[in-house]
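Structure first, then comments.
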Amino acid sequence: AGIVGDTANGSFAYQILQDNGINEYVLDRGNGYIFHHKYMLVDPHHLSSDPLVWTGSYNWSNAARIRNDENVVIVHNADITNLFYQEFSQRMLDNGVSLPAREFVFIPDFTFTSDITQPVVYPNPTQDVFYIDWKDAPLNKNMQIHLYNYQGSLVSSKTERLSAKGEVSSFNLEHLPAGIYFLKAVAEDYKFSGKIIVTK
């Protein structure tokens, strides 16, 4: 799959994609704007085959290939490749092409930076609401709780001040579409983060 900004002015990448039978994913952004992202992903879903990102100033134009002084950075890292894939799949979706969804690979279900009892999040997956049983979370401190979508945009935020051990907080997700969200909770040195799956 690929996004090509100019099919008529020196883009040899466009012909390469068409020659390999994937023209249904090629989008000609001939709308007066320049799509200025410059990267290529290799095997973003196959952890055993060295997923990588090729990025830099090189943009697969004839000018870049023959005339310009360009730079290229190749990153051999599955986590970073996956981040680029999330961005790429959203840009494709913006133009009416849906690619297979992939979760972030670098965030485990939950991480916790404390030696006290870990909070419990339930139900997960959920349709409209989830709860956090805080267990032994610190009391009388402002707990900043944020929920992000897979693009990294903040979609919900609240502050809790726990006054007793084992308090439970609820979060209403009715306004959010189905997808993967990331929860972060911080109160000074106390940090808790993880993944919430919303189904509809």
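Readers should treat all values here as calculations from the given coordinates under stated rules, not as data from a laboratory. Because the structure is predicted, anything quoted here is derived from the model rather than measured. Neighbour counts are summed over all protein chains in view; Cβ atoms, including those assigned to glycine, are modelled from backbone coordinates with ideal geometry.
For residue 36 and residue 91, calculate 0.36 nm times their separation in residues minus their Cα-Cα distance, and state this gained length in nm to one decimal.
Numbers: separation 55, 0.36 × 55 = 19.80 nm, distance 1.20 nm.
Result: 18.6 nm gained on full extension.
Once the Cα-Cα distance is subtracted from the 0.36 nm per residue extended length, the residue 136 to residue 189 segment shows a gain of 17.7 nm. A Stokes-Einstein calculation at 4 °C with viscosity 1.567 mPa s, built on the Kirkwood radius of region 110-198 over Cα pairs, returns a diffusion coefficient of 98 µm²/s.
Modelled spin labels at residue 174 and residue 15, positioned 7 Å past Cα toward Cβ, are 5.7 nm from each other.
With the cut-off at 31 Å, tell me which of the pairs 141/200; 135/200; 165/195; 38/200 have Cα atoms farther apart than that. Don't skip to the end; give the middle numbers.
Working: 141/200 34 Å; 135/200 29 Å; 165/195 23 Å; 38/200 35 Å.
Flagged as over cut-off: 141/200; 38/200.
Suppose the chain between residue 57 and residue 197 were pulled fully straight at 0.36 nm per residue; how much longer would it get relative to their current alpha carbon spacing? Don't jump to the answer; show the numbers that get you there.
On the way: separation 140, 0.36 × 140 = 50.40 nm, distance 3.62 nm.
Once the chain is fully extended between residue 57 and residue 197, it gains 46.8 nm.
Inter-label distance, residue 146 to residue 77: 2.0 nm, where each label sits 7 Å from its Cα along the C-beta direction.
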